[in-house]
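Taken together, the values in this text are just the output of simple stated rules run on the coordinates, not laboratory data. Only a predicted model underlies this, so the values are computations on that prediction, with no experimental measurement involved. Here the Cβ positions follow ideal geometry from the backbone for every residue, glycine too, while neighbour counts run over all protein chains shown.
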Amino acid sequence: MDEQKKVVTRFAPSPTGLFHAGSYRTALFAYIFARQNNGKFILRIEDTDKMRSTKEYEDNIIESLKWLGLSYDEFYRQSDRTEIYKKYIKKLIDSGHAYVSEETPKEAGDRAEVIRFKNPNKKVAFDDLIRGKIEFDTTELGDFVIAKSIDEPVFHLVNVVDDYEMGMTHIIRGEDHISNTPRQILIFEAIGAKPPIYAHIPLLLGKDRSKLSKRKGAISMTEYRNRGFLPEALVNYMALLGWHPADDIEVLSLEQIIKDFTLDRVQKAGAIFDEEKLQWFDRQYISKLSDNDFHSKASAFIPEWLKTDSVRLNRCIVLLREKVSSFGEIPKLFEADGELGFVKELKSYTPDMLLWKKNPSKEAAAANLKQASESLEAIPDDSFTAESIKNSIWKYAEEKGKGDVLWPLRMALTGQDKSPDPFNSAFILGKVESLTRIKYALEKLS
RNA sequence: GGCCCUAUCGUCUAAUGGUUAGGACACGGCCUUCUCAAGGCUGUAAUCCGGGUUCGACUCCCGGUAGGGUCGCCA
């Protein structure tokens with residue numbers, strides 16, 4: 001059977017900054033396309049700019065891709081491939097497609113001699129898989145620089161040589177590269193190669209609608225990880241920036257996206273990265289977590305004082321699950337003014353705050369608290385759970401009015417006007433502490 | 001400014017000549033409820049403008065306008 005050429009795509013970042021959403025989304029699309037075609041996905045570090053490239057940023061790219069679950073089949077680093085580029089530069093010079101040019105340096109670091117590509121000055125057209133036919137007149141590009149010296153090639157040259165050498169079939173990259181494409185096609189032609197298929201995806205935009213970049217405060221993937229976002233949420237959300245499935249189901253695993261993805265459903269216009277929706281996705285994925293997974297992933301965000309109190313910590317987990325839309329929100333909940341601040345310490349409150357707004361009677365509040373206290377007291381220590389606490393009080397509360405009983409109790413236990421229900425609050429605190437706090441409240445009312 | 005790309009609710013988007021222009025996030029209301037969330041129901045909200053083509057345009061064409069990208073010995 002005549003097999004079609006195996007799809008090869010790549011992600012080719014320059015290690016000059018922390019890996020952020022803009023780069024990630026490009027990598028994601030190239031990865032998805034390769035995987036759905038059973039093709040090859042290559043990571044290529046473009047570090048020809050020695051001044052700005054660092055190992056630290058390279059590591060950050062690699063770690064981020066790993067965290068987000070994008071695996072690559074081959075890895076290259078351009079600084080390891082100087083000899084290959086040298087060969088091509090020589091070939092281009094020999095064939096008359098490039099020449100050594102004498103220059104008048106304009107800036108510090110400029111060379112007096114560089115290698116320029118001899119522009120044939122013609123019209124170049126290509127069919128972009130997303131945008132259709134794009135045509136340029138390359139005349140205005142002039143004879144552009146392809147190397148600072150025989151050992152120091154720059155972007156256009158290395159990019160083309162590598163894409164050719166690595167057998168790239170599809171170049172899936174950001175729209176900001178559209179205007180580089182004619183130059184690169186010219187180089188492909190000069191080395192006697194057929195240009196690959198291009199697909200320029202729209203850019204990710206910041207709130208001001210300009211290209212998301214490090215300088216504009218783009219948030220790095222590492223920071224999202226540090227803030228406790230789940231990689232599945234990031235992947236899912238970013239895949240939906242510029243692409244949309246045929247139906248309306250948006251919560252999708254990477255596997256599902258790979259199955260459903262098509263380039264012709266990719267948007268042409270840029271998309272603003274909206275953290276609110278990311279939060280929503282994160283919540284969706286948190287709610288799918290098993291209790292064990294939730295516990296272990298939340299662990300890094302639990303304050304130290306609570307970690308040493310494993311009994312209370314375990315009792316808090318259930319509540320955490322329903323309060324949090326990303327793990328990074330956990331520490332704040334346990335701060336003094338957070339909803340779970342009462343776990344560490346009773347917040348100070350005034351006697352008025354114990355009174356239910358619909359029946360602000362001190363006598364009623366005191367009587368109900370007293371009854372609640374007795375009910376809790378009667379529960380055996382080893383069955384002091386949210387469930388049993390509720391059972392012991394519920395009937396009484398329904399008789400006297402739930403607000404009349406529950407509000408003062410919750411306030412007595414937490415001292416907060418926003419908090420979990422009194423049953424869970426008492427459960428977290430434990431019998432002894434709960435009774436102590438109720439007693440303290442009763443003193444305030446007398 | 002030259003060249004290139006783009007244009008549907010605030011945001012992400014669906015609808016590839018015929019829909020009451022659909023969904024999601026956010027926002028508002030209601031329900032639930034001792035509070036706050038969550039959850040359920042529900043509401044407000046969009047085809048940039050002007051010309052064509054057509055029986056009929058979000059959809060096709062042209063012109064504006066607006067936004068973006070790019071014009072490096074960065075990638």
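Protection proxy ranking, highest mean first, for peptides A:146-155, A:247-256, A:6-15, A:119-128: A:6-15, A:146-155, A:119-128, A:247-256, where packing is the per-residue count of other beta-carbon atoms within 10 Å, averaged. With the convex hull drawn over the C-alpha atoms of the range A:351-445, the volume per residue is 76 Å³.
What does the charge dipole of the range A:79-158 about its Cα centre add up to, to the nearest 20 debye, if the Cβ of each Lys and Arg holds +1 and the Cβ of each Asp and Glu holds -1?
Values: 14 positive and 16 negative charges, 59 e Å.
Here the range A:79-158 has a charge dipole of around 280 debye.
Reducing the range A:34-48 and the range A:201-238 to their Cα centroids gives an inter-centroid distance of 21 Å.
Ordering of A:194-201, A:29-36 by packing is A:29-36, A:194-201, highest average first (other Cβ atoms within 10 Å, averaged per residue). If R0 is 25 Å, the Cβ-Cβ spacing of A:K370 and A:I317 corresponds to a FRET efficiency of close to 0.20.
Using just the alpha carbons, could you tell me how many Å³ per residue the convex hull of the range A:1-60 encloses? List each step's numbers first, then the result.
Values: hull volume 4.9 nm³, N = 60.
Convex hull of Cα atoms, per residue: 82 Å³.
Translational diffusion of the range A:289-343 was estimated from the Stokes-Einstein equation, with Rh taken as the Kirkwood radius over Cα pairs; at 20 °C and 1.002 mPa s the coefficient is 192 µm²/s. Shown for A:D404, A:D73: other C-beta atoms within 10 Å of each C-beta, ranked fewest to most, produce the order A:D73, A:D404. Kirkwood hydrodynamic radius of chain A, from the reciprocal of the average inverse Cα-Cα distance over all distinct pairs: 26.4 Å.
If the only charges are +1 at each Lys and Arg Cβ and -1 at each Asp and Glu Cβ, what is the size of the charge dipole of the range A:161-310 around the Cα centre, to the nearest 20 debye? Walk me through the intermediate numbers first.
Details: 19 positive and 23 negative charges, 108 e Å.
Once rounded to the nearest 20, the dipole reads 520 debye.
Excluding residues fewer than 8 places away in the same chain, name every one of the lysines whose C-alpha is closer than 18 Å to that of A:K118. Straight-line reach from A:K118, under 18 Å: A:K86, A:K87, A:K90, A:K91, A:K148. Dipole orientation for the range A:308-382: of the candidates A:L313, A:P360, A:G328, A:P360 has the Cα lying most toward the positive pole (charges on Cβ; Lys, Arg +1; Asp, Glu -1). Rounded to the nearest 20 debye, the dipole size of chain A about its Cα centre is 400 debye, using +1 on the Cβ of Lys and Arg and -1 on the Cβ of Asp and Glu. As a proxy for reagent exposure, ranking A:M51, A:M411, A:M166 by other Cβ atoms within 10 Å from fewest up yields A:M51, A:M166, A:M411. Shown here is the pair-distance distribution of the range A:77-182: with all Cα-Cα distances grouped in 5 Å bins from zero up to the longest one, the shares run 2, 10, 19, 21, 21, 16, 8, 3, 0 percent.
Sort A:F342, A:F294 so that the residue with the fewest other Cβ atoms within 10 Å of its own Cβ comes first and the one with the most comes last. Please report the intermediate quantities before stating the final value.
Working: A:F342 22, A:F294 19.
Least crowded to most crowded, the residues run A:F294, A:F342.
By the rule of a C-alpha distance below 21 Å, with chain neighbours fewer than 8 residues away ignored, the lysines paired with A:K40 are A:K5, A:K6, A:K66, A:K194, A:K259. Placing unit charges on the Cβ atoms of the charged side chains and taking the dipole of chain A about its Cα centre, the candidate lying farthest along the positive direction among A:A218, A:L442, A:T82 is A:L442.
Per the helix-only calculation at 222 nm, which mean residue ellipticity applies to chain A, given -39500 (n - 2.57) for every DSSP H run of n ≥ 4 and division by its residues, nearest 500 deg cm²/dmol? Working shown, then result.
On the way: 18 runs with 198 residues, N = 446.
Result for chain A: -13500 deg cm²/dmol, rounded to the nearest 500.
The local environment of A:E175, defined by Cβ-Cβ distances under 15 Å, has a net charge of +4 under the rule Lys, Arg +1 and Asp, Glu -1.
Farthest towards the positive end of the charge dipole of chain A, among the residues A:N119, A:L18, A:I32, is the Cα of A:L18, using unit charges on the Cβ of Lys, Arg, Asp and Glu.
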